[in-house]
Amino acid sequence: MKRFLAEGEALQQVAVMGLRAPDGTVAENVPLYRIIQSKEIKPESGLTAGEEAACEDIGRGLADIYRQYKRAERKAKAGANMRAQNG
């Protein structure tokens, strides 16, 4: 579909699709866009409210995973120190 953006509209990249050549090899990646209202974009971040929420959600999840990793690392280190003292 080809058309010009109307006043107050913007393009938002939502995905990247990998194309393949007829022989099955990777040809190129093509960005996919959707049209949104410019007013949905927050000027401070350049993101929409939904994008900001997604970033916060994934950030929270990654922080939890990192905390679990550090906790396990400290526990393993403490166990190694105990074995070294007793050994």
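The values are calculated or read from the model by the stated rules, or taken from the named source; none is laboratory data. Quick caveat, the model's predicted, so the values are computed rather than measured. Cβ placement follows ideal geometry from the backbone for every residue including glycine, while neighbour counts extend to all protein chains displayed. Please note that ligands, DNA and RNA were not included when accessible areas were found on the heavy atoms of the full protein model with its side chains. Shrake-Rupley method; radii C 1.70, N 1.55, O 1.52, S 1.80 Å.
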Testing Gln12 on (1) open to solvent by 60 Å² or more (accessible area, probe 1.4 Å); (2) modelled with pLDDT under 90; (3) not charged (D, E, K, R), one condition comes back false. Which one is that? (1)
Which of the residues belonging to the stretch 19-48 are small (Gly, Ala, Ser) and at pLDDT below 90? Ala21, Gly24, Ala27, Ser45, Gly46
A careful count of residues in the stretch 28-87 that are surrounded by 10 or more Cβ atoms within 10 Å (Cβ to Cβ) and in a loop (DSSP other than H, G, I, E, B) gives 5
Please verify whether the stretch 2-24 includes one or more residues that are assigned to a strand (DSSP E or B), without any contact (Cβ under 8 Å) to a residue 12 or more places away in the chain and of a type in the set (A, V, I, L, M). yes
